[in-house]
Amino acid sequence: MEHKQWWLDGVGYIIYPQSFLDSNGDGFGDLNGLRSKLDYLRDLGVNILWICPIFDSPMDDGGYDVRDYYKVNPLYGSNEDLDCLIREAHERGIRILLDLTLNHTSIEHEWFKKAVADPNCEERGYYIIRKGKRENGKLLPPNNWESFFFTSAWENIEGTDDFYLHLFSPKMPDVDWSNPKLRERYHEIARHYLDRGVDGFRLDAIAHIAKAPGLPDSTKAPDSTGFVPDTDMYSNRPEVLDYLREFNELVFSHYDCLTVGEAGGCISPEQALKLVNKKDGPINMVFNFDCVWQNGAWDSIGKNPEERQLDLVNLKKNFLRWYEVCHKQADMPLYWCNHDHPRVLSQYGSKDYRTESAKCLLITLLFLYGTPFIYQGEEIGMANPAYPSIEDYFADAGERCEVPALRKQGYSDAAILDNLQRTSRLSGRSPIPWNHNENGGFTSGTPWLKLGEEYKHGINVLDEMNDPWSIINFYQYAILKRRLPDINETVLNGELQIIDIENPDIFCYLHDGTEKLMVVSNFRPYEVKFDFYWRIKDVVLHNYDSVLLDNHTFTLRPFESFLLKV
Ligand code: NOJ
């Protein structure tokens, strides 16, 4: 089936609802807060919102631990608030993607409670529950797999020899997709929301929904936790395609909806194409992980600063690798970061060149092949807040598991804090400052997570809007350009060429279609020379107020960036 493609003139925006805007003073962002900013989002130029999970949840992992798929999290509002949000977004031409967690539920989900209470009930078969191994009288997990949260992937069910599998937090048991009854439950949930008017889903962690049959031990070497992180066992297995095909056949294909899977686990573009190709792929796009963390920051606690530099050549090659496989075959989302990463300004940009680097990152992303997704706060140049203590980072389930593991490995608290300040995903979750008043106007109460200090010094929506040269005003203008039909056509259908791909400092590419669009971006906080023999017809976007081009050589200042017509 050829998919309908309303999203192809779209620019997406990622909402972490807890941190967006609080309307009732309880310190948590909520749906009515978001609803009150729909005009803001429309004016920014975005028209697809991916909203991170909003379902009822004990919030062990920011709502990815779902307690009830049919109820809006009371922290965020009510089911009626969701209906209003959908309606009012649609009135503004904005589409809504909900985040559907398919790989696990919360331990507080009714299914799991029943599964634990009664080994013979239907729900028992919804989860992956196995007997542990007895060795010398000691009860061990059924196999040696490691969770993504740095512990054994198994948790004992108290008072029994049984364990349940959890690839993420111990409070998020994995569900068993090989069970047709379980799959049906998810089809019903998806139908329910599509019938209520949502425009599609971001499908959480789909790479992991199928596990190696028989759940064997990994034969790879364990890491310092004593367990084995082995994506061969639980990521991108062939059955994922079968499950999603069925999902598409029974549900998605009956609606005009967009489905974007989250595909980690080292998925290759070729594997991804099976899921998303326009001819018979069961979903529309996947978020891959290949363009994030290209600065050596991942797992970098023991590394020195020289090993933590942006590898621009690799970054460019990764964009190209995905483009080469997907162009004309599949749609692709583009993003610099989301709620699972530290702020991109702190990763690839620079606080010393905040305005320049934020604009440079935007220009570079917007005109690559794909549908761009902006993460909330990027439009005002938010950086990592650098919380002062390790405990501040315990607001995140991943860090609550990681810190003890690092301490066990012998790292000092000073090293751990430095690592958290650089790499924690909590940094991307600090609340949005809407103005320079107390708590940035995010809440009239106590925010669930502290804001950084920067909002007091101009890094907030109001002050940004009042400055004609600000990042936010540049965003509005650049997104407007990106959505012009000729430019959109060139970006999506023109041929992409990365110029001088081995250049370690400059990201330069040409999109050759109805227009010839060229981006030239200096990704360094210092001046770089760049030879340039193209005839410039127009400077469409530029983040400095003069051009230094002499005898076919650009002198590109820190993070200087252009979108040119050539
Ligand atoms: C991916 C989500 O983006 C992340 O925040 C979450 O921790 C895991 N999936 C588990 O649901």
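Quick look at the numbers
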read-out: Condition met for A358 (farther than 25 Å from I301 by Cα and within 20 Å of the chain's Cα centre (by Cα)); value: yes
read-out: N47 surrounded by fewer than 24 Cβ atoms within 10 Å (Cβ to Cβ), of a type outside the set (D, E, K, R) and over 26 Å from S444 (Cα atoms); value: yes
read-out: Selected residue (criterion: modelled with the highest pLDDT) from residues of region 146-167 that are within 16 Å of the ligand (Cβ to nearest atom), closer than 22 Å to G214 by Cβ and of a type in the set (F, W, Y); value: Y164
read-out: Flag if N435 is of a type in the set (S, T, N, Q), touching a residue at least 24 places away in the same chain (Cβ under 8 Å), in the same structural domain as G33 (by TED's automatic domain parsing) and more than 16 Å from the ligand (Cβ to nearest atom); value: yes
read-out: Lone unmet requirement of (1) more than 20 Å from N24 (Cβ to Cβ); (2) in contact with a helix residue (DSSP H, G or I) (Cβ under 8 Å, 6 or more places away or on another chain); (3) surrounded by 19 or more Cβ atoms within 10 Å (Cβ to Cβ); (4) in contact (Cβ under 8 Å) with a residue 60 or more places away in the chain for E454; value: (2)
read-out: Per-region count, region 258-277, residues within 16 Å of the ligand (Cβ to nearest atom) and among the hydrophobic types (A, V, I, L, M, F, W, C); value: 4
read-out: Yes/no for C360 being touching a Gly at 6+ places or on another chain (Cβ under 9 Å) and either within 23 Å of P504 (Cβ to Cβ) or not assigned by TED's automatic domain parsing to the domain that holds G10 (or both); value: yes
read-out: Number of positions in region 168-223 that are in a helix (DSSP H, G or I) and of a type in the set (S, T, Y); value: 2
read-out: Scope region 254-268; condition over 15 Å from the mean Cα position of the chain (by Cα), outside any strand (DSSP E or B) and closer than 15 Å to N284 by Cβ; matching residues; value: H254, Y255, D256, C257
read-out: In region 309-349, the residues that are in contact with a Pro (Cβ under 8 Å, 6 or more places away or on another chain) and buried (at least 19 other Cβ atoms within 10 Å of the Cβ); value: L312, W322, C326, P333, L334, Y335
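Residue by residue, here is whether (1) among the polar types (S, T, N, Q); (2) closer than 27 Å to C337 by Cα; (3) not assigned by TED's automatic domain parsing to the domain that holds L82 holds:
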position	(1), (2), (3)
Y193	no, yes, no
A207	no, yes, no
E239	no, no, no
S253	yes, no, no
L258	no, yes, no
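For (1) among the small types (G, A, S); (2) away from the ligand (no atom under 16 Å from the Cβ); (3) modelled with pLDDT of 95 or more, each residue gets a yes or a no:
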position: N47; (1), (2), (3): no, yes, yes
position: F55; (1), (2), (3): no, no, yes
position: P58; (1), (2), (3): no, no, yes
position: Y64; (1), (2), (3): no, no, yes
position: L98; (1), (2), (3): no, no, yes
position: W111; (1), (2), (3): no, yes, yes
position: A115; (1), (2), (3): yes, yes, yes
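Residues checked against (1) crowded, with 18+ Cβ neighbours inside 10 Å; (2) away from the ligand (no atom under 16 Å from the Cβ); (3) modelled with pLDDT under 95:
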position	(1), (2), (3)
D230	yes, yes, no
R237	yes, yes, no
D256	no, yes, no
K279	no, yes, no
Q294	yes, yes, yes
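The values are calculated or read from the model by the stated rules, or taken from the named source; none is laboratory data. As the structure is a computational prediction, the values presented were derived from the model and not from experiment. Glycine gets a Cβ as well: all are built from the backbone with ideal geometry, and neighbour counts include every protein chain shown.
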